[in-house]
Amino acid sequence: MSKKIAILRGINVGGKRKILMADLKRLCENLAFKHVKTYIQSGNIIFNSDEPIPVLAKNLEEAIQAQFGFDVPVIIITQNELETTINNNPFIGKDAAINQLHVTFLKEEPTNTAVTKALAYNYPPDEFKITGKTVFIFCADKYHKSKLSNNFFEKQLAVKATTRNWKTVMKLLEISKA
């Protein structure tokens, strides 16, 4: 069975769309995910499964809707994809502090037209680079002050997205290797 990481968008933010991680873990186990682990309250799940990623994401989205009553976009990547993401961050060499680095994971690869549209925006000193289903973000100040938000990328790229800070991305890889 291969390691997968599910990254949920928009749960437990500002007291809304609350899901306890113990309940989320149990839900995943009921979906036959194996060796399920969660990390922090923002909806990060590490598990084993050989099911195709689109099937896993659809099943988890439907189960969350059925049990909790709200839609939650679910983005699933493999452990290898996470490792590639970490190795390909173009902002690592900029002497950036860990709290300045973020990754937006896209549910699907955006069209070339959408990428061109997004790249037309420039919000210095913040920067971003789109590679496949990943957006690497460098924020000179705090992420919540940046215009390079989840909503910005969802609107410009016309795909569902969720963002994690670099510390969380690194921790997800560490947990997936344990």
- Message: Restricting to region 163-178, count the residues that are buried (at least 18 other Cβ atoms within 10 Å of the Cβ) and of a type in the set (Asp, Glu).
- Response: 0
- Subset of region 68-82 that is at pLDDT 95 or above and touching a helix residue (DSSP H, G or I) at 6+ places or on another chain (Cβ under 6 Å) - its residue that is most open to solvent (accessible area, probe 1.4 Å): Gln79
- Item | Residue check for Lys160: open to solvent by 20 Å² or more (accessible area, probe 1.4 Å) and within 15 Å of the chain's Cα centre (by Cα) | yes
- Residues satisfying the stated conditions in region 30-46, i.e. part of a loop (DSSP other than H, G, I, E, B) and crowded, with 19+ Cβ neighbours inside 10 Å: Phe33, Ser42, Gly43
- Could you count how many residues in region 100-146 are within 15 Å of Ile7 (Cβ to Cβ) and surrounded by fewer than 17 Cβ atoms within 10 Å (Cβ to Cβ)? 1
- Could you identify the single residue in Phe105, Phe91 that is among the aromatic types (Phe, Trp, Tyr) and in contact with a Ser or Thr (Cβ under 6 Å, 6 or more places away or on another chain)? Phe105
- Query: When region 47-86 is examined, which residues are found to be over 30 Å from Cys139 (Cα atoms), in contact (Cβ under 8 Å) with a residue 40 or more places away in the chain and either part of a helix (DSSP H, G or I) or under 17 Å from the mean Cα position of the chain (by Cα) (or both)?
  - Reply: Phe47, Ile53, Leu56, Leu60, Ile64, Gln67, Phe68
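How many residues, within region 1-11, are open to solvent by 40 Å² or more (accessible area, probe 1.4 Å) and modelled with pLDDT under 95?
3
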- Query: Does Asn89 satisfy being in contact with a strand residue (DSSP E or B) (Cβ under 6 Å, 6 or more places away or on another chain), within 23 Å of Glu174 (Cα to Cα), open to solvent by less than 50 Å² (accessible area, probe 1.4 Å) and in a loop (DSSP other than H, G, I, E, B)?
  - Reply: yes
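For (1) open to solvent by 60 Å² or more (accessible area, probe 1.4 Å); (2) closer than 19 Å to Lys171 by Cα; (3) in contact with a His (Cβ under 9 Å, 6 or more places away or on another chain); (4) of a type in the set (Ser, Thr, Tyr), each residue gets a yes or a no:
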site: Leu20; (1), (2), (3), (4): yes, no, no, no
site: Cys28; (1), (2), (3), (4): no, no, no, no
site: Ser49; (1), (2), (3), (4): no, no, no, yes
site: Ala66; (1), (2), (3), (4): yes, no, no, no
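The values are calculated or read from the model by the stated rules, or taken from the named source; none is laboratory data. Keep in mind it's a predicted model, so treat the numbers as computed, not measured. Ideal geometry is used to build each Cβ from the backbone, glycine not excepted, and the neighbour counts take in all protein chains shown. To get the accessible areas, we keep the full protein, side chains included, count just its heavy atoms, and leave off ligands, DNA and RNA. Shrake-Rupley method; radii C 1.70, N 1.55, O 1.52, S 1.80 Å.
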